[in-house]
1. Taking the conditions exactly as written (open to solvent by less than 40 Å² (accessible area, probe 1.4 Å) and within 12 Å of the ligand (Cβ to nearest atom)), does Val98 satisfy them or not?
2. Out of (1) under 27 Å from Pro265 (Cβ atoms); (2) surrounded by fewer than 19 Cβ atoms within 10 Å (Cβ to Cβ), the odd one out for Thr108 is which?
3. Only one of these is open to solvent by 20 Å² or more (accessible area, probe 1.4 Å), in contact with a helix residue (DSSP H, G or I) (Cβ under 7 Å, 6 or more places away or on another chain) and of a type in the set (Lys, Arg): Arg55, Arg92, Arg47. Name it.
4. Can you tell me which residue within the range 276-311, out of those that are aliphatic (A, V, I, L, M) and more than 12 Å from the ligand (Cβ to nearest atom), is farthest from Arg324 (Cα to Cα)?
5. Determine whether the range 66-84 contains at least one residue that is more than 15 Å from the ligand (Cβ to nearest atom), open to solvent by less than 20 Å² (accessible area, probe 1.4 Å) and assigned by TED's automatic domain parsing to the domain that holds Tyr48.
6. Taking the range 171-197, which residues are open to solvent by 20 Å² or more (accessible area, probe 1.4 Å) and part of a helix (DSSP H, G or I)?
7. Only one of these is touching a residue at least 24 places away in the same chain (Cβ under 8 Å), among the acidic types (Asp, Glu) and more than 15 Å from the ligand (Cβ to nearest atom): Asp93, Asp87, Asp52, Asp62. Name it.
Amino acid sequence: MSGDLHAERVVLQRGARSGLPVIVAVHSTALGQALGGCRLAQYPDWRYGLADALRLAAAMSDKCALAGLAHGGGKTVVALPPGRVLDPAGRRDLLHDVGDVIASFGGTYATGPDVGTGPDDMVTIAERTPWVFCRPVPAGGSGDSSEYTAVGVLAALRAVAAHRFGSADLAGRSFAVLGLGRVGGSVARMLAEAGATLLAADVDAGRRALAEGYGATWVSPHDCLTADVDILVPAALGGLLTARSVPELRCAAIAGPANNQLDSPATADLLHERGILWAPDIVVSAGGVIHAVAVELHHETSAQATARVRGIGGTLTAVLDTARATGSTPAAAARHHADRLIGPTG
Ligand code: PHE
């Protein structure tokens, strides 16, 4: 472990109203204002939330750079104690605390939705700071980004299919979608519409009906992870690809929107050795932020922004082609592309 702090500025503050630990990490503003969503999740203690914020903020720098955005990376994490549930008033207080911490960054960082937050929460944060993306359209924002993240995932899946199987057609291909939240649920729907064969899983058994509505076969999260399918689509929390899980995998390729899928960079080598093509999550998951920036900052129509999101397919193909040409992993190729774009940061 190195002692270097891989972030420009980190604020960890007990919320004045909520008493909860609010963490905002800005990894880099080398390319411009840092962007990254607001995650509201339970952690064993705030130190885990801090570690997650630092990792997620660094990934956002790479994500924005590879997406061609003039933005850096950051992240907000609220580390809820285990079992803590917020009532509406408590949630509002907490989001105002979050807004105050973001405001203290003076515009060098702007937030958006992430795991545990949605467009309505962005309205509440915006009562304390203007640096908020993805409020609902009637409230002046570009709306829920998860639909556009899913559009980007579909473009990535076509690129992976073309690279691995020689055809971008998804009809008849088999997929295991792990996680049916806002993004994963939309990905499953779009795959069903494209004529794919689907397995699906979620820790929330209440999502089974949604999965079966798309014609998916409902399985346990472990059976989904280890399914014998063409492409595994991680769409839940990160860290699922590890030295323990990789030997169990039976898919030919992996591409999905979950952030930070590898528990450590070395896991990319394990996947490569097993002949499993891994599409870097920092490329695959950029659709939400691409759409929000295009609409809210560059005043493009949603249709124009969505066309940009589909460009993820070309970006991913370039990364996979570099990996193939140099005999490196897609992770190393993406790292190389991102370093070239961001430049030396310290
Ligand atoms: N959750 C989004 C991501 O990880 C964050 C985001 C979306 C930030 C839209 C800003 C605008 O990319």
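1. no
2. Of the numbered conditions (1) under 27 Å from Pro265 (Cβ atoms); (2) surrounded by fewer than 19 Cβ atoms within 10 Å (Cβ to Cβ), the odd one out for Thr108 is (1).
3. Unique residue meeting the criteria: Arg92.
4. Filtering first and then ranking leaves Ala303.
5. yes
6. Matches in the range 171-197: Arg182, Val183, Arg189, Met190, Ala192, Glu193.
7. Going through Asp93, Asp87, Asp52, Asp62 in turn, just one is touching a residue at least 24 places away in the same chain (Cβ under 8 Å), among the acidic types (Asp, Glu) and more than 15 Å from the ligand (Cβ to nearest atom): Asp93.
Residues checked against (1) touching a residue at least 40 places away in the same chain (Cβ under 8 Å); (2) surrounded by fewer than 24 Cβ atoms within 10 Å (Cβ to Cβ):
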{"residue": "Val115", "(1), (2)": "yes, yes"}
{"residue": "Pro119", "(1), (2)": "no, yes"}
{"residue": "Ile125", "(1), (2)": "yes, no"}
{"residue": "Thr129", "(1), (2)": "no, yes"}
{"residue": "Ser142", "(1), (2)": "yes, no"}
{"residue": "Tyr148", "(1), (2)": "yes, no"}
{"residue": "Arg158", "(1), (2)": "yes, yes"}
{"residue": "Arg164", "(1), (2)": "yes, yes"}
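The values are calculated or read from the model by the stated rules, or taken from the named source; none is laboratory data. Bear in mind the structure is a predicted one, so any value in this text is a computation, not a measurement. Note that we place each Cβ from the backbone using ideal geometry, even for glycine, and neighbour counts take in every protein chain shown. Side chains are part of the model used for accessible areas, which takes the heavy atoms of the whole protein and leaves out ligands, DNA and RNA. Shrake-Rupley method; radii C 1.70, N 1.55, O 1.52, S 1.80 Å.
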